[in-house]
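Worksheet: the structure to be examined is printed underneath.
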Amino acid sequence: MSEWKEYKLGDVITFQRGHDLPKTEMKDGLYPVAGSNGIIGYHNNLTTTGPGITIGRSGSIGTPFFYEHDYWAHNTVLYVKDFKGNFQKFIFYFLKTLDFTQFNAGSAVPTLNRNHIHDLLVKIPPYDEQTAIASILSSLDDKIDLLHRQNKTLEQMAETLFRQWFLPASAGQAGVEEADENWENGFLDDEFEFIMGQSPAGEALNENRNGIVFFQGRTDFGFRFPEPRIYTTAPTRIAKPLDTLVSVRAPVGDMNMAIDECCLGRGVAAFRYKNNRGFYSYTYYKLRSLMSSIKQFEDNGSVFGSIGKDNFKTIENVIPPSNLINEFQQIAKPLDDKIISNTKQIRSLTQLRDTLLPKLMSGEVRVKK
């Protein structure tokens, strides 16, 4: 196999500073505006033709983003102006393995100087091996992206069904006629039992996967399920798998679902259906439908919005007939179970990709061209 060769990064690619664009001009347009944390708006003009790569230059520095099509490179990024004959997607993955924080030239605000990082010594394989490496990593990312998009579609299907069956009809929208008049009026805790979180002792927290996963608040929330980050060996309040999780401190009302048993901190509450704890689909979409009532506690006159146990008990709730709830659960559960299965596969593929990435980019694992 061909040998990897050492170069200065500036001999492999050329970075260029992005271009100023006031927020007032970031209106809906054809081209994404690439900021240090990804897309920050849209514009009708472009600065860079795709495919292209940016890394954060100011604020959040160093994180690479890949753009398949044309875009506006904002002044908070450096973009690759010249790939110098190297394969674009390989360069994207390669940049993910580099630690740019060591080149921070800022003080209060982290900043990258392109001239400094151009001097970084790197080892790069020949072009044909670059394409082989990028093909492996791209195939994993494509599968992960497909599963994410499928999850969004499945959730939209279930939520649309819920709205058609359980929410009163309104102008231009399908719904249940006369639902408020014929169904029972009650409160949130008539249908659901819930527990408020309580943070464990600080010394019991760790990032070494010791004990049970701990979620302090919505910081850990993802598309549907929280991302494991912190663990505790002294759990306090426990949520069961597939309980609906609601953030109770600013911002109030964000929602997720527990994929596994977990410990809840002060920023989270867990809900489950009283009459059948297996009705997690109905619970999740019903809580979503009540978000406007829950989010009103975000602005409660205090510095930080919050909602407590007594507040939850005051939330009014129209209770549908049990046979209709049961029928909805039978239809929605397979959709949510597929979301759960997809999510577990996403996590497995992500772990595989993240394990392979540094090994492939260092040459520790070689691929046939």
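The values are calculated or read from the model by the stated rules, or taken from the named source; none is laboratory data. What you see is a predicted model, and the numbers here were worked out from it, not measured in a lab. Glycine gets a Cβ as well: all are built from the backbone with ideal geometry, and neighbour counts include every protein chain shown.
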Check your understanding: Taking segment 12-29 only, how many residues are in a helix (DSSP H, G or I) and surrounded by 14 or more Cβ atoms within 10 Å (Cβ to Cβ)?
Key -> 2
Review point. In segment 183-208, how many are surrounded by fewer than 17 Cβ atoms within 10 Å (Cβ to Cβ), touching a residue at least 40 places away in the same chain (Cβ under 8 Å) and among the polar types (S, T, N, Q)?
Key: 2
Revision key, fill the gap. Over segment 44-87, the set of residues among the charged types (D, E, K, R) and out of contact with any Lys or Arg (no Cβ under 7 Å at 6 or more places or on another chain) is Glu68, Asp70, Lys81, Asp82, Lys84
Point to revise | Criterion: modelled with pLDDT of 95 or more, assigned by TED's automatic domain parsing to the domain that holds Lys143 and either closer than 25 Å to Asp145 by Cβ or not β-branched (Val, Ile, Thr) (or both) - qualifying residue of Lys344, Lys368 | key: Lys344
Practice item. Check off (1) touching a residue at least 12 places away in the same chain (Cβ under 8 Å); (2) assigned to a helix (DSSP H, G or I) for Gln330 and give me the number that stays unchecked. Key: (1)
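May I ask you to verify whether Gln164 is part of a helix (DSSP H, G or I) and exposed (fewer than 15 other Cβ atoms within 10 Å of the Cβ)?
yes
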Revision key, fill the gap. Among Asp260, Asp254, the single one that is in contact with a Pro (Cβ under 7 Å, 6 or more places away or on another chain), within 26 Å of Ile212 (Cβ to Cβ) and modelled with pLDDT under 95 is Asp260
Point to revise | Subset of segment 1-34 that is under 31 Å from the mean Cα position of the chain (by Cα) and hydroxyl-bearing (Ser, Thr, Tyr) - its residue that is modelled with the highest pLDDT | key: Thr14
Practice item. Six or more apart or on different chains, Cβ under 7 Å: which pairs go from a residue in segment 333-358 that's under 15 Å from Pro226 (Cα atoms) to one that's among the acidic types (Asp, Glu)? Could you list them? Key: Ile339/Glu155
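Condition check ((1) within 22 Å of the chain's Cα centre (by Cα); (2) at pLDDT 95 or above; (3) among the β-branched types (Val, Ile, Thr)) across all residues:
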position: His118; (1), (2), (3): no, yes, no
position: Asp145; (1), (2), (3): yes, yes, no
position: Leu167; (1), (2), (3): no, no, no
position: Ala174; (1), (2), (3): no, no, no
position: Arg209; (1), (2), (3): yes, no, no
position: Thr219; (1), (2), (3): yes, no, yes
**Study point:** Any hit, segment 209-229, residues being over 28 Å from Tyr273 (Cβ atoms), surrounded by fewer than 14 Cβ atoms within 10 Å (Cβ to Cβ) and in contact (Cβ under 8 Å) with a residue 24 or more places away in the chain
**Key:** no
Review point. Taking segment 58-83 as the search range and keeping residues that are outside any strand (DSSP E or B) and of a type in the set (D, E, K, R), which one is surrounded by the fewest Cβ atoms within 10 Å (Cβ to Cβ)?
Key: Glu68
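For every residue, the table says whether it meets (1) of a type in the set (Val, Ile, Thr); (2) within 30 Å of Gln296 (Cβ to Cβ); (3) out of contact with any Asp or Glu (no Cβ under 9 Å at 6 or more places or on another chain); (4) surrounded by 12 or more Cβ atoms within 10 Å (Cβ to Cβ).
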| residue | (1), (2), (3), (4) |
| --- | --- |
| Val318 | yes, yes, no, yes |
| Leu324 | no, yes, yes, yes |
| Glu327 | no, no, yes, yes |
| Gln330 | no, no, yes, no |
| Asn342 | no, no, yes, yes |
| Gln345 | no, no, yes, yes |
| Ser348 | no, no, yes, no |
| Gln351 | no, no, yes, no |
| Leu357 | no, no, yes, yes |
Practice item. Give the residue that is nearest to Lys344 (Cα to Cα), with candidates limited to residues of segment 230-245 that are in a loop (DSSP other than H, G, I, E, B) and in contact (Cβ under 8 Å) with a residue 24 or more places away in the chain. Key: Leu242
Review point. Is there a residue being outside any loop (DSSP other than H, G, I, E, B) and of a type in the set (A, V, I, L, M) anywhere in segment 315-323?
Key: yes
Review point. In segment 89-147, how many are small (Gly, Ala, Ser), farther than 22 Å from Gly38 by Cα and assigned by TED's automatic domain parsing to the domain that holds Gly363?
Key: 2
Check your understanding: Would a scan of segment 309-319 turn up a residue that is more than 18 Å from Met257 (Cα to Cα), under 26 Å from the mean Cα position of the chain (by Cα) and in contact (Cβ under 8 Å) with a residue 60 or more places away in the chain?
Key -> no
Exercise for review: Could you look through segment 35-57, keep only residues that are in a loop (DSSP other than H, G, I, E, B) and under 19 Å from the mean Cα position of the chain (by Cα), and pick out the one that is farthest from Asp20 (Cα to Cα)?
Suggested key: Asn37
